[in-house]
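Please treat every number below as a calculation from the coordinates, not as lab data. Source: prediction; values computed, not measured. Note that each Cβ is placed from the backbone with ideal geometry, even for glycine, and that neighbours are counted across all protein chains shown.
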Amino acid sequence: MTAFVRLTAFAAAAFALAVPDLAAAQTVLRYAHVGAEGESQTRYAAELAELVKEKTDGRVVIQVFPGSQLGNLSEMIDGVRIGSIQMAHHDFSSLDRIEPDVAVFNAPFAYRNPEHAMKATAEATSPVMREINKKLVEKGGVRIVGNFYRGARQLTARYPVYSPKDMEGKKFRAVPVPLWNSMIKGMGAIPTPVEISEIMPALMTGLVEGQENPLNNIIARKMYEANKYVMMTSHMESVLAVFVNEEAWQKIPEADRALMQEAFDEMAQRSLQWARDAEAGEIQFLKDNGVTIIDASNGLDIEAFREAVGKQIRADYPGWSAYLEQIAAIE
C-alpha cells in the first residue's frame with residue numbers, strides 16, 4: 001500500500017468517525033388523519049411533510065397515514081397520547097377528553113371571519129390557545145403545534161332547510177364528540193354520531209337525513225349524491241388543530257422544532273388561500289351536479305340558527321363565556 005493510499009484510507013476513516021450517521025440522527029414521525037383523497041386536509045398533510053423535510057434538510061421526516069389507516073378518531077387520539085402515533089390533525093374538540101375547554105375553538109358562530117379564526121387558534125396570537133395548550137400538555141402529554149383552515153362548515157340534507165324548525169325531530173349526523181351533539185341539538189335535530197368513514201352509508205340509507213361539513217369535504221366524499229340541498233349556514237369556521245405527542249416533540253432538537261414551527265405557520269397561510277380560491281368553484285360544481293344552494297338570498301334564516309345554537313351552547317357550556325369574550329377581542 002502506497003503512502004498516498006494509506007493517507008487516503010486514514011482520512012476516510014477519520015471523516016466517518018467525525019460525521020454522525022444521518023439515518024440515526026433522523027427523526028421519523030407517524031402522522032395520522034381521517035381525510036380522504038381530494039380533501040384539503042389530505043393536501044395539507046402531504047405538503048406539510050414535504051415542507052418540513054425541506055426546511056430540516058431531511059432530519060425530520062413525516063410519514064403520513066390518511067383515511068383512518070391508523071384507526072378511527074378515538075383510536076387516533078389515544079395513539080397520539082401514548083406515542084404510538086406521534087402527530088395527527090382533527091377538530092380541536094376531538095381533544096376534549098383530555099381538556100374539555102379545548103372544544104371552545106370549535107364553538108359555532110365564534111369567529112368574525114377566517115382570518116380571525118386562524119389568529120384565535122394560533123398560540124402566538126391567542127392567549128386562550130396558550131392557556132389551553134398548557135393544560136393539554138400537563139393533563140395528556142399532547143401539544144397543539146399548528147392549525148389550518150378548511151373553510152366554513154355548511155349544512156346538507158335530503159330536503160330543503162330554512163330554519164331550525166325544519167330540522168325538528170330529524171336525525172342529523174354529528175361528529176362523535178360532545179360539542180357536535182350540542183350544536184346539532186341546538187339546530188333542532190336529533191344528533192346521531194357517525195364516524196366520517198361511515199358517513200356515506202348513513203346518508204344513502206337514510207340513517208341520518210343530513211350532516212354538516214366544509215364544501216371541499218362534501219365534494220370529496222360525494223355527499224351531494226345523497227343530499228341534494230346545501231344550506232350556506234357557515235355555522236362554524238372549520239379550523240383543524242395539528243397536535244403532537246409531547247415526549248416525541250421534546251426529543252426533536254430545538255433548532256428543528258423552530259424550523260417545523262415555520263412550516264406550520266406557512267401551511268396555515270396556504271390553507272387560507274386554498275379556501276379563498278376554491279369556494280366559488282365548489283358552489284358551481286355542486287350546482288352542476290343537481291344540488292340546490294340555499295342561502296340568505298332565497299330564504300335561509302341564518303340568524304335563527306345563530307340564536308338557537310347559541311342558546312344551546314350557553315346552556316351546555318356555561319364556563320366558556322370568558323373564553324369566548326377573549327376570542328372576540330383578538331384583532
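Scan the range 173-186 and tell me whether some residue there is assigned to a helix (DSSP H, G or I), of a type in the set (V, I, T) and at negative phi.
First, pick out the residues of the range 173-186 that are assigned to a helix (DSSP H, G or I): 178-186.
Right, trim to of a type in the set (V, I, T) and you get 184.
If we keep only those that are at negative phi too, we end up with 184.
For the range 173-186, residues assigned to a helix (DSSP H, G or I), of a type in the set (V, I, T) and at negative phi: present.
Residues in the range 231-263 that are in a loop (DSSP other than H, G, I, E, B) and among the hydroxyl-bearing types (S, T, Y): there are none.
I'd like to know if the range 221-230 contains one or more residues that are touching a strand residue (DSSP E or B) at 6+ places or on another chain (Cβ under 9 Å), free of Cβ contacts under 8 Å to residues at least 24 places away in the same chain, aliphatic (A, V, I, L, M) and not in a loop (DSSP other than H, G, I, E, B). Give the steps one after another, and end with the answer.
Taking the range 221-230 first, the residues touching a strand residue (DSSP E or B) at 6+ places or on another chain (Cβ under 9 Å) are 221, 223-224, 226-230.
Still in the list and also free of Cβ contacts under 8 Å to residues at least 24 places away in the same chain: none.
No, every residue in the range 221-230 fails to be touching a strand residue (DSSP E or B) at 6+ places or on another chain (Cβ under 9 Å), free of Cβ contacts under 8 Å to residues at least 24 places away in the same chain, aliphatic (A, V, I, L, M) and not in a loop (DSSP other than H, G, I, E, B).
Go through the residues of the range 195-209 one by one and say whether even a single one is among the β-branched types (V, I, T), in a helix (DSSP H, G or I), surrounded by 15 or more Cβ atoms within 10 Å (Cβ to Cβ) and touching a Ser or Thr at 6+ places or on another chain (Cβ under 8 Å). Among the residues of the range 195-209, at least one is among the β-branched types (V, I, T), in a helix (DSSP H, G or I), surrounded by 15 or more Cβ atoms within 10 Å (Cβ to Cβ) and touching a Ser or Thr at 6+ places or on another chain (Cβ under 8 Å), which makes the answer yes. Selection of the range 228-265 for residues being more than 22 Å from A46 (Cα to Cα), in contact with a Lys or Arg (Cβ under 8 Å, 6 or more places away or on another chain) and aliphatic (A, V, I, L, M) yields only M236. Checked against the criteria, A45 counts as touching a His at 6+ places or on another chain (Cβ under 8 Å) and free of Cβ contacts under 8 Å to residues at least 60 places away in the same chain. Checked against (1) surrounded by fewer than 24 Cβ atoms within 10 Å (Cβ to Cβ); (2) over 15 Å from M232 (Cα atoms); (3) in contact with a Pro (Cβ under 8 Å, 6 or more places away or on another chain); (4) not charged (D, E, K, R), G169 meets all criteria but (3).
Would you mind finding the one in S163, S94 that is of a type in the set (G, A, S) and surrounded by fewer than 21 Cβ atoms within 10 Å (Cβ to Cβ)? Quick ask: steps written out before the conclusion?
Details: S94 fails: surrounded by fewer than 21 Cβ atoms within 10 Å (Cβ to Cβ).
Exactly one residue qualifies, and that residue is S163.
Residues that are part of a helix (DSSP H, G or I), hydrophobic (A, V, I, L, M, F, W, C) and farther than 18 Å from A220 by Cβ within the range 264-299 comprise F264, M267, A268, L272, A296, listed in sequence order. One residue stands out among those in the range 220-267 that are touching a helix residue (DSSP H, G or I) at 6+ places or on another chain (Cβ under 6 Å) and among the small types (G, A, S): the one that is farthest from D301 (Cα to Cα), which is A263.
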